[in-house]
1. Is it true that ILE44 is of a type in the set (A, V, I, L, M, F, W, C), modelled with pLDDT of 95 or more and either within 19 Å of LEU105 (Cα to Cα) or in contact with a strand residue (DSSP E or B) (Cβ under 8 Å, 6 or more places away or on another chain) (or both)?
2. Based on what the data block shows, is ASP50 at pLDDT 95 or above, within 23 Å of PHE169 (Cβ to Cβ) and of a type outside the set (A, V, I, L, M)?
3. Mind listing whichever residues of the stretch 11-41 are modelled with pLDDT under 50 and acidic (Asp, Glu)?
Amino acid sequence: MRKFINAILAGVGMFLGDTSNAQNDSLSIAKNTVFVELFGNGGIYSINYDRMLVKKNKIKISGRIGFSLLPVYNNIFTYPLELSAFYGKKHNVEIGIGYTPVFNLYNENIFKIYDMYSYAGARLGYRFQKENDGFFLKAGFMYVMELYDNYRDYDDFPYWFGVGFGRTFKTKIK
């Protein structure tokens, strides 16, 4: 009887061992983030998608693209782009460089470009992002340079800040 119980326990152990290996074969990590940033690269606000491109221990690199529409006076569109590196587990120090083209459009039967300019910026900040899905938060200070301006003839204040919050989603890896 004792041999029979040992054989059953060994079979259950092998089954549990196989199940745990199957779970390890498909890991879930949080690579995709959707967030709203107030101020920051998009101006007053922007809606953004961020994708983790590289994860090596505590060092991560991500790319981001966003969109903003301000229907004041004219329609102002911004498309913030940024490449960020951050260090940490869920509390991260973040540095990034970005580029934001801005289009100021007006309507005269069809949309036409009235004013176009672009900015480049460097960011230093804090990023809260868990390794599994969940709440996302980032805040940072930026140094911004105007790259191209076909209309305006003045310099803006080069320091800016931004705060973003949203949700990070899991991606299954097999």
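The values are calculated or read from the model by the stated rules, or taken from the named source; none is laboratory data. The structure presented is a predicted model; accordingly, all values stated were derived computationally and were not measured. Reconstructed Cβ throughout: ideal geometry from the backbone, glycine too, with neighbour counts over all protein chains shown.
1. Judged against the criteria, ILE44 is not a match.
2. Working: at pLDDT 95 or above: yes; within 23 Å of PHE169 (Cβ to Cβ): yes; of a type outside the set (A, V, I, L, M): yes.
Spelling it out, ASP50 is indeed at pLDDT 95 or above, within 23 Å of PHE169 (Cβ to Cβ) and of a type outside the set (A, V, I, L, M).
3. ASP18, ASP25
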